[in-house]
Amino acid sequence: MTSFALLLLPLLLQGQHLFTAAFLSSSPLPIINNGIRSSTCNSPQQQLLSKSSTALFAVDEGPQEIAVTINTTLTDDKIKNLFAWVKCAFDDGEDKNRVDAYYYNNIELAIAAVFGDNLPSDSLPTKLLEMALKKEGLLEQYQQKEAIIEDEEWEEACVGDVIGRRDREQASLGAMGAAQWSGQWMTRPHSLLLVQNYTTVDDWIKPLKRKRRETLKRAGREAQNFTIITKPIRGGHPAPHSSYAHFRCVVQHEVRLLSKMYGASTNAFVNALAEAISRYIGTTRMAGVIQEYRDVSTNKVIGFAHEVSKGRTTRGQWFYCDDYAAKHYVWFHSVLDLVRRAIEDDRIDVVDLGPSGSDAFTDLKAQYGFEAVVDWPAVADYSGDFLYEKDQNEDEIGDDMIRMIEKLVERQAARDKRRKSD
């Protein structure tokens, strides 16, 4: 077990702010006071304490600092506990008067609560975690230190926010690199593959080096070990990947990735967990389609690819998989399948795998024909509408008018661009 002392500033301490930052919420964290006895509930913290059946204040008088030891052992039970906390963050919008929303939106507090080895039983993080687990029916197993019984219905329930098509599209633009095609600022180079001159996927594979062709063949053979289900993200519904089953994949993926990049350290572990929570919530708010991978023997979700198509480009927006899938060529299969479908779709000219987190990953994409392009909007046409299957989204008020306005704005932007170039 690897651990380190994380300074928690501070659980229930006089004149101190709770922990260091609120990553999911723009609201400032309230002051935490020690030994609150007053019947007057002014702050969210006081309201939370007043509503709890167990007092959440420390017994000792005066300020304290508690060094929290973070256990970096990642288990399914720990991920489930973390997901129970994240679900409370999802529930934030349901009740505007919830006083605990400040805390469930704090990623660092979540990590301390779930992976802290030495938190006092009456500490705020512990009590918040217990409240989250009680809502999920997991508290008794947690308190008795029993393994959480697998429950397929709970693990696969979609708990994400109900988000309309327009809001999902808006949430997708940043990750797609809209800042560059809209002329706001330059983003990182995108790895692009032009497919308009291919008639079959073999036209793409044949020119590749032998080792790369063999890898794709291996990925094709591995497909017998998993099933692939296409799940559209529908406007007006929770995302089809807003479940624990998919959250587990994101967490394992990020912890594995950052461990390889920076070495097995506690800092890398904590950063990976924070990244996983943010990325998971982000992907569940976006538009597009999910390609879901399941193990044929267990039917468990082992990975998913999130794809978004706009204009004449299809974008491999996100990909996450668990440790099992990482050893069975699932990422390579997802790229193979994406290119195949793009070639077969007359609406698509370019496959965009986006920017890479490292030079090594950019080089890997290049070995499969994806060229890193600095001025990628000149190659990948994102100027048209988002592409959907028929009846993928519920109708929204003012759709036709908004589409007309959007087209007028795009035309004006194109005219301005031509004038500048002239």
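The values are calculated or read from the model by the stated rules, or taken from the named source; none is laboratory data. Treat the numbers as computed from the prediction; the structure is a model and nothing was measured. Here the Cβ positions follow ideal geometry from the backbone for every residue, glycine too, while neighbour counts run over all protein chains shown. For the accessible areas, the whole protein counts, side chains as well, though only heavy atoms, and no ligand, DNA or RNA atoms are used. Shrake-Rupley method; radii C 1.70, N 1.55, O 1.52, S 1.80 Å.
Things to note:
- Cα-based Rg and Dmax for the stretch 190-300, where Dmax is the largest Cα-Cα distance (Å): 17.5, 49
- Loop-resident trypsin sites (Lys or Arg not before Pro) (DSSP state other than H, G, I, E or B) in the stretch 202-271 with no more than 12 further Cβ atoms inside 10 Å of their Cβ: Lys209.
- Taking Lys and Arg as +1 and Asp and Glu as -1, the other residues whose beta-carbon sits under 10 Å from that of Gln196 total -1.
- Computed from backbone phi with θ = phi - 60° and the Karplus coefficients 6.51, -1.76 and 1.60, the 3J(HN,Hα) list for the stretch 210-223 is 4, 4, 6, 4, 5, 4, 5, 5, 4, 4, x, 5, 5, 4 Hz; x is used for glycine and proline.
- Per-residue HN-Hα couplings for the stretch 233-246 [Karplus 6.51, -1.76, 1.60; θ = phi - 60°; Hz; x = Gly/Pro]: 8, 9, x, x, 9, x, 5, x, 10, 8, 10, 4, 4, 7
- Loop-located GluC sites (Glu not before Pro) across the stretch 79-160 with a Cβ neighbour count of 14 or fewer within 10 Å are Glu146, Glu150, with loop assigned by DSSP.
- Heavy-atom accessible surface of the stretch 227-329: percent carbon and sulfur, 1.4 Å: 54
- Structure note, pairs Lys217/Lys260; Lys134/Lys327; Lys78/Lys209; Lys80/Lys217: Cα-Cα distances above 32 angstrom occur for Lys134/Lys327; Lys78/Lys209; Lys80/Lys217.
- For the stretch 74-198, the percent of C-alpha pairs falling in each 5 Å distance bin, counted from 0 to the bin holding the largest distance, reads 2, 8, 15, 16, 14, 11, 10, 8, 8, 5, 2, 1, 0.
- Global geometry of the stretch 284-422, whether rounded, prolate or oblate, following the gyration tensor of its Cα atoms and the 1.5 cut on a/c: oblate
- Other residues with beta-carbon under 13 Å from the beta-carbon of Phe361 carry, at +1 per Lys or Arg and -1 per Asp or Glu, a net charge of +1.
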